[in-house]
1. Could you tell me whether region 36-43 includes any residue that is at pLDDT 95 or above, under 22 Å from residue 109 (Cβ atoms) and within 13 Å of the chain's Cα centre (by Cα)?
2. Would you check which residues across region 10-35 are under 13 Å from residue 108 (Cβ atoms) and surrounded by 22 or more Cβ atoms within 10 Å (Cβ to Cβ) and list them?
3. Pairs under 6 Å by beta carbon, first residue outside any helix (DSSP H, G or I) and surrounded by fewer than 16 Cβ atoms within 10 Å (Cβ to Cβ) in region 104-123, partner at pLDDT below 90 and not polar (S, T, N, Q), six or more apart or different chains?
4. Counting only residues that are modelled with pLDDT of 90 or more and on the phi > 0 side of the Ramachandran plot, how many does region 95-127 have?
5. Sort out which residues of region 59-69 are surrounded by fewer than 17 Cβ atoms within 10 Å (Cβ to Cβ) and touching a residue at least 40 places away in the same chain (Cβ under 8 Å), and write them in order of number.
6. List the pairs whose first member sits in region 74-101 and is closer than 20 Å to residue 112 by Cα and loosely packed, with under 11 Cβ neighbours inside 10 Å, whose second member is at pLDDT below 95 and among the aromatic types (Phe, Trp, Tyr), and whose Cβ atoms are under 7 Å apart, counting only residues at least 6 apart or on separate chains?
7. Condition first: in contact (Cβ under 8 Å) with a residue 60 or more places away in the chain, more than 24 Å from residue 124 (Cα to Cα) and of a type in the set (Val, Ile, Thr). Can you find one or more residues in region 14-32 that meet it?
8. Using beta carbons and a limit of 7 Å, which pairs, at least six apart or on different chains, have the first residue in region 36-58 and buried (at least 19 other Cβ atoms within 10 Å of the Cβ) and the second one outside any strand (DSSP E or B) and of a type in the set (Asp, Glu)?
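The values are calculated or read from the model by the stated rules, or taken from the named source; none is laboratory data. This structure is a prediction, so every number in the text was calculated from the model and none was measured. Note: ideal-geometry Cβ built from the backbone for every residue, glycine included; neighbour counts use all protein chains shown.
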Amino acid sequence: MRKRRILLVDDEVAIARALAMYLTENGDCEVCVENAGSAALAAARQFRPDLILLDIVMPDADGGTLAAQMKAEPVLKHTHIVFLTALVSRNATGGGSKTIGGLPFLAKPVDPDAVLEYIDQHVVVRG
């Protein structure tokens, strides 16, 4: 069976790199990192992820707009998207996930174990 394909879109390079390394080493995941929000849609089209972890606030793109564009793409419309955001604290969410604009989000700073648990619960690899 193939590894779960995760596209991680976050402009914070060090955080994205650390989370990608964690998911690769501990989660049987193949992770593609894109630090430029403006390049996220093209990266998603090419990589065809099972799950997209998408920062909401980036200097060159709005995560909400990107999510809508991704959902409008025929090859991506069924791809699960989870927002990553520092706009809401983990304390405010009780440490769990909630939704923004109908899509789930995880509050930053994200706990890598919580991200992996979310992936384990929501990503089913087909083919």
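1. The answer is yes; a qualifying residue exists.
2. Passing the criteria: 10, 19.
3. Sorted first by the residue in region 104-123, then by its partner, the list stays empty.
4. 0
5. Matches in region 59-69: 59, 60.
6. If the second residue must be at pLDDT below 95 and among the aromatic types (Phe, Trp, Tyr), the pairs left are 99/105.
7. Among the residues of region 14-32, at least one is in contact (Cβ under 8 Å) with a residue 60 or more places away in the chain, more than 24 Å from residue 124 (Cα to Cα) and of a type in the set (Val, Ile, Thr), which makes the answer yes.
8. Here the result reads 37/11; 37/60; 55/10; 55/11; 58/11, each pair linking region 36-58 to a residue that is outside any strand (DSSP E or B) and of a type in the set (Asp, Glu).
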